[in-house]
1. Would you mind telling me which numbered condition in (1) under 18 Å from Arg225 (Cβ atoms); (2) touching a residue at least 24 places away in the same chain (Cβ under 8 Å) Trp327 fails?
2. With touching a Leu at 6+ places or on another chain (Cβ under 8 Å), open to solvent by 30 Å² or more (accessible area, probe 1.4 Å) and touching a residue at least 24 places away in the same chain (Cβ under 8 Å) as the only criterion, which of Arg116, Arg124, Arg157, Arg103 stands out?
3. Just to be sure, is Val324 open to solvent by less than 10 Å² (accessible area, probe 1.4 Å), in contact with a Phe, Trp or Tyr (Cβ under 6 Å, 6 or more places away or on another chain) and within 16 Å of the ligand (Cβ to nearest atom)?
4. Only residues that are surrounded by fewer than 23 Cβ atoms within 10 Å (Cβ to Cβ) and either of a type in the set (Val, Ile, Thr) or touching a Cys at 6+ places or on another chain (Cβ under 6 Å) (or both): list them for segment 44-65, please.
5. Of the residues that make up segment 260-272, is at least one surrounded by fewer than 18 Cβ atoms within 10 Å (Cβ to Cβ), farther than 26 Å from Ser55 by Cα and among the hydrophobic types (A, V, I, L, M, F, W, C)?
6. Identify the single condition in (1) more than 17 Å from Gly54 (Cα to Cα); (2) out of contact with any helix residue (DSSP H, G or I) (no Cβ under 6 Å at 6 or more places or on another chain) that Thr119 does not satisfy, given that it satisfies every other one.
7. Restricting attention to segment 163-177, and to residues there that are assigned to a loop (DSSP other than H, G, I, E, B) and out of contact with any Asp or Glu (no Cβ under 9 Å at 6 or more places or on another chain), which single residue is farthest from Arg238 (Cα to Cα)?
8. Can you tell me which of Asp266, Asp272, Asp332 is within 30 Å of Pro381 (Cβ to Cβ), assigned to a helix (DSSP H, G or I) and not basic (Lys, Arg)?
Amino acid sequence: MNQLSRRECLALAGGGSAALGLAGCVNAATTPDGDMPLGPPLRTLASEKGLRFGSAMSSGQLDDAKYREIMLFECGTMVAENEHKWYTIFPDPDTVNFAPADRLATFAGENGLTMRGHTLLWHREMWSPEWVNALEFSSASETADFVEQKISLIVDRYAPAIYAWDVVNEAIDDETGEFRQTSLSAKMGEQLIDHAFHVAKAHAPDATLTYNDFMSWESTSAAHRTGVLRFLERLKARGVPIDGLGLQSHSNYEMPNEFTRARQRDWVAFCDEVVGMGLDIYITEFDVNDTRLKPDIAYRDALIASYTRDYFDLMLAYPQLKEVLVWGMVDDQNWLQTFLPRTDDVEKRPTVYDSDYKAKSMRRALADAFNAAAYRQPMAP
Ligand code: G3I
């Protein structure tokens, strides 16, 4: 079948012709496990409920025609997987490299995708450039000037195209729940975080400003959840201009079939406290880890789809949940394959499309959850 233009795909999707799905737009109209028609794009189902839907994308994926088509069909928004990070933009003290982020911004602009920004300050030495980790500041104000210069350079280049920024990422130690220490916090302490938010607010006054972290429903995440709650309380008490919390929604250690009622209760208690502070919530990096599930594909996919439905049913019950982003659309291009590989070398199935670009039952679970959700007031455009 000839490839349809994006406008034709959108017309089909907008026309509500559920049986047409992605036929002709990419090479799959059905899932590998059946005859499931795709139906409307996920972004359409989400926006009918006041939600944004999108995915992470890397500049490398711009060269993958099938990946591009899936992004354009399914997503209304995108986030750069690594291109806004300091290690990409500031690889050494004398270089500023906007080229990969510019490519993504151009693609988004030309195709009507909105963009979320990730991240202005990844407050974790592991992911901060070595040269930044090695800096020794003489004072808080010297640190503040350095941070302001870096953050404003990024925000000024992309504002107002970016509607939301993960201003700070992963500032709380996931094992202890304590605020992490870096070369930047040495003189400033937590004032560093306040400063990052104030700088972002000054340079992108209309953007939604969020703190983003990977605390989760997992029992191994209890100290992390508590640490993040106390941290958010401190930010609110100091009047930091924060709009919401990004729930990355990776499951790092526990499996989809371990999303038990007890763990769900713990997670709901956490989310209740967050929204109780007047914060919105955003699912920013959803994917599913199947490390310890037996390799049979049908078995894994069934559990992954069932978990996806349960997780989203729980989360979509919050009117404060304003957007949903998945961390990549295609299995073999997801970070988990290399960061947390299975010991049996079998490919993981963490995303909504398989490595042949065919939609999986996980996608249907997400679509069903969007269909079942109540309408909410959308976040500002
Ligand atoms: O671009 C270089 C390439 O030139 C080089 O040949 C290659 C060799 O290792 O490395 C490439 O860079 C890698 C980069 O991804 C792009 O693929 C880095 O090594 C690798 O560390 C980096 O990993 C990213 C990771 O964050 C660290 O920044 C993952 O792609 C990305 O998915 C992951 O995303 C994070 C979120 O930002 C925050 N939340 C958790 C999430 C998953 O870890």
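The values are calculated or read from the model by the stated rules, or taken from the named source; none is laboratory data. Only a predicted model underlies this, so the values are computations on that prediction, with no experimental measurement involved. Methodologically, a virtual Cβ is constructed for each residue, glycine included, from the backbone with ideal geometry; neighbour enumeration extends over all protein chains shown. Heads up: the accessible areas ignore ligands, DNA and RNA and are worked out on the full protein's heavy atoms, side chains in. Shrake-Rupley method; radii C 1.70, N 1.55, O 1.52, S 1.80 Å.
1. Of (1) under 18 Å from Arg225 (Cβ atoms); (2) touching a residue at least 24 places away in the same chain (Cβ under 8 Å), only one is false for Trp327: (1).
2. Values: Arg116 fails: open to solvent by 30 Å² or more (accessible area, probe 1.4 Å); Arg124 fails: touching a Leu at 6+ places or on another chain (Cβ under 8 Å); Arg157 fails: touching a Leu at 6+ places or on another chain (Cβ under 8 Å).
Sole residue among the options that is touching a Leu at 6+ places or on another chain (Cβ under 8 Å), open to solvent by 30 Å² or more (accessible area, probe 1.4 Å) and touching a residue at least 24 places away in the same chain (Cβ under 8 Å): Arg103.
3. Details: open to solvent by less than 10 Å² (accessible area, probe 1.4 Å): yes; in contact with a Phe, Trp or Tyr (Cβ under 6 Å, 6 or more places away or on another chain): yes; within 16 Å of the ligand (Cβ to nearest atom): yes.
Spelling it out, Val324 is indeed open to solvent by less than 10 Å² (accessible area, probe 1.4 Å), in contact with a Phe, Trp or Tyr (Cβ under 6 Å, 6 or more places away or on another chain) and within 16 Å of the ligand (Cβ to nearest atom).
4. Result: Thr44, single match.
5. yes
6. Only one criterion in (1) more than 17 Å from Gly54 (Cα to Cα); (2) out of contact with any helix residue (DSSP H, G or I) (no Cβ under 6 Å at 6 or more places or on another chain) is unmet by Thr119, namely (1).
7. At the first step, the residues of segment 163-177 found to be assigned to a loop (DSSP other than H, G, I, E, B) are 170-171, 173-177.
Now restrict to residues that are out of contact with any Asp or Glu (no Cβ under 9 Å at 6 or more places or on another chain): 173, 175-177.
Values: Asp173: 21, Glu175: 25, Thr176: 23, Gly177: 19 Å.
Restricting to residues being assigned to a loop (DSSP other than H, G, I, E, B) and out of contact with any Asp or Glu (no Cβ under 9 Å at 6 or more places or on another chain), the top hit is Glu175.
8. Working: Asp266 fails: within 30 Å of Pro381 (Cβ to Cβ); Asp332 fails: within 30 Å of Pro381 (Cβ to Cβ).
Exactly one of Asp266, Asp272, Asp332 is within 30 Å of Pro381 (Cβ to Cβ), assigned to a helix (DSSP H, G or I) and not basic (Lys, Arg), namely Asp272.
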